[in-house]
Amino acid sequence: MILLQTLSTDNTMAVDSLAIMDAGNGDIGLLDLLIKGGYMMIPLYALFVLAIFIFVERIITLRKAEKSPKHLMDQIKILVQGGQVDKARILCQGETTPVANMIAKGLERIGSPLKNIEVAIENVGKIEIYKLEKNLNLLATVSGAAPMIGFLGTVAGMIRAFIGVAQEEGMVSPKLLSTGIYEAMITTAAGLVVGIIAYLGYNYLVSQVSKLVHNMEYTSIEFMDILQEK
């Protein structure tokens, strides 16, 4: 009987030890971490969604702006030199790309001095560039604001942790302090992640806009050369 009780006690202690080990080795899910970040995670969630929305919307816009007939300028050259300016204008109006809009404005000014035509094309180009760069500054703001909000959340969390320690009577539990600290650090990590994503997205979009602007400048010069040859 005593032997059975001893075996039962040993089995119970073994099960308890395994339970403690499992609890200590248990992984905390990503969702649990994000929830434990506190209320400062809310603006970080909002900034993340905003950054993704701006990036996707700009990518779609830039892809549409890149599309234009492969031999558009060759067709424009043939029509202009053949005196078919109206057909060239209709060809450009059938497109919604920045390049087509610039050339269409230049075709409308044919008959005016070349300097006036060039100025008109440049003005349209500035408007089109503004459209291409829309919300890029906001994305850059997100890339800078997200880490700062994360740091603010960490500072606020540390303050709460140390206030809890100060209010604790007697021996302070290491778990109390460590829990408060890791919950505070979550906001820093989240802020850095959002900031890095926004920063990389911003730089990628800027590079794509630069390519489009270069293409617009090249096309406008080519169009002016066509008018001078006419």
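For the range 47-153, which whole percent of the accessible surface, found with a 1.4 angstrom probe, sits on carbon and sulfur atoms? Intermediate results must be reported in sequence, preceding the final value.
Details: 3670 of 6080 Å².
Reported share for carbon and sulfur atoms: 60 percent.
Express the Stokes-Einstein translational diffusion coefficient of the range 111-172 in µm² s⁻¹, to the nearest whole number, given a Kirkwood radius over alpha-carbon pairs, 4 °C and a viscosity of 1.567 mPa s.
On the way: Rh = 16.7 Å.
Answer, rounded: 77 µm²/s.
With a 1.4 Å probe and every protein chain left in place, tell me how much accessible area Leu205 has, in Å² to the nearest 10.
Rounded to the nearest 10, the figure is 0 Å².
Given charges of +1 on the Cβ of Lys and Arg and -1 on the Cβ of Asp and Glu, with all other atoms neutral, how large is the dipole of the range 63-145 about its Cα centre, in debye to the nearest 20?
120 debye
Determine ³J(HN,Hα), in whole Hz, for all residues of the range 98-106 in sequence, where each value follows from phi through the Karplus function 6.51 cos²θ - 1.76 cosθ + 1.60 and θ = phi - 60°; x replaces Gly and Pro.
Whole-Hz 3J(HN,Hα) from phi for the range 98-106: x, 4, 5, 5, 5, 5, 4, 5, x.
Heavy-atom accessible area per residue, the range 124-165, 1.4 Å probe: how many Å²?
Averaged over the residues of the range 124-165, the accessible area is 56 Å².
Whenever you get a sec, line up Phe223, Phe151 from highest to lowest accessible area (probe 1.4 Å, protein heavy atoms). Write down the numbers at each step before the final one.
Details: Phe223 0, Phe151 105 Å².
Result, largest first: Phe151, Phe223.
The values are calculated or read from the model by the stated rules, or taken from the named source; none is laboratory data. These numbers come from a predicted model, not from an experiment. Because the Cβ atoms are built from the backbone with ideal geometry, glycine has one as well, and the counts that use them run over all protein chains shown. When the accessible area is computed, the model is the full protein with side chains, heavy atoms only, and any ligands, DNA or RNA have been set aside. Shrake-Rupley method; radii C 1.70, N 1.55, O 1.52, S 1.80 Å.
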